[in-house]
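A short reminder: the numbers here are calculations on the coordinates, not readings from a lab. Computed from a predicted structure; not experimentally measured. All Cβ positions, glycine included, derive from the backbone under ideal geometry; neighbour counts span all protein chains shown.
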């Protein structure tokens, strides 16, 4: 014969008999939809990120190349200018040229 | 089903809603990678269980950190992180008090036994369905349920008042 304690334990073990499903608050579904929308908008695809990075690198390369080309021209032009100045003695007071 | 499962693990409405949100966001993210090796319901259930267990681990970690910094409330000796008695809203009225105690006891079960018991008793699933969800043989599920019941009986014995 079961003791009162054993009967109580068995009854407790069966306390979930006939349990119904719990339902969340109706607002939960709206919050979930909002969170999913937020995640859709904020994520860039890897393809977009790579295109942006490649474009920036290309621009930096072109910029550097153009600057280098201009530097060469300036130096070349400067040397020609100095030679002409010397040849025709256009700087009699020997002011220091840039 | 997702909310009901989460609620049985975390035993708190707000936490269960947070877990449910995480599950649906994960489902939305991973739907493309669903390979149809199992049914959609099984897959969803697995995600719900994993997210619930992850949340429990996170909550326990937070509790341990809290215990280190502030063990007791200022005006009483009650531990600051005492979890309130959980009343599942779907339990029959005549079983509410015993169900409260049972859920406390369920908290003490190891993860696998807890999962098997919740799926069987709260979700009302058969052993075959549980074996698909947990990816174990039916025999292993029967063993888990048997051990869960033994552990719960032992734990419930501690709550009995003469």
Whole Å is fine, so just give me how far the alpha carbon centre of region B:1-60 lies from that of region B:104-162. 19
Can you put B:102, A:13 in order, fewest other beta carbons within 10 Å first? A:13, B:102
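Let me confirm one metric for peptide A:30-38, namely the mean number of other chain beta-carbon atoms within 10 Å of its residues' beta-carbons. Could the numbers behind the result be given before it?
Working: counts 0, 5, 9, 2, 1, 5, 6, 0, 1.
Mean inter-chain Cβ contacts per residue within 10 Å come to 3.
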In degrees, nearest ten, helix B:13-30 long axis to first principal axis of chain B (Cα): 30
Alpha carbons only, please: Rg and Dmax for region B:85-162, in angstrom. 13.1, 42
Quick one: give the max-minus-min coordinate of the C-alpha atoms of chain B along each principal axis, largest first, in Å. 55, 37, 29
Between residue A:62 and residue A:94, what length comes free when the chain is fully extended (0.36 nm per residue of separation minus the Cα-Cα distance, one decimal in nm)? 7.6 nm
Inter-probe distance in nm under a simple model that places probes 7 Å from Cα toward Cβ, at residue B:46 and residue A:55: 4.1
Would you mind giving the mean number of other chain beta-carbons within 10 Å of the Cβ of each residue in A:22-29, as a whole number? 5
Residue of B:101, B:133, B:25 that the Gaussian network model of chain B assigns the largest fluctuation, springs spanning Cα pairs under 10 Å: B:25
Helix B:96-106 versus the longest principal axis of chain B: what angle, 0 to 90°, nearest 10, using Cα atoms? 80
Do you know the relative contact order of chain B, to the nearest whole percent, from alpha carbon pairs under 8 angstrom that are 6+ apart? 23
Would you mind checking the tilt of helix B:138-157 against the longest principal axis of the Cα atoms of chain B, expressed as 0 to 90 degrees and rounded to 10? 10
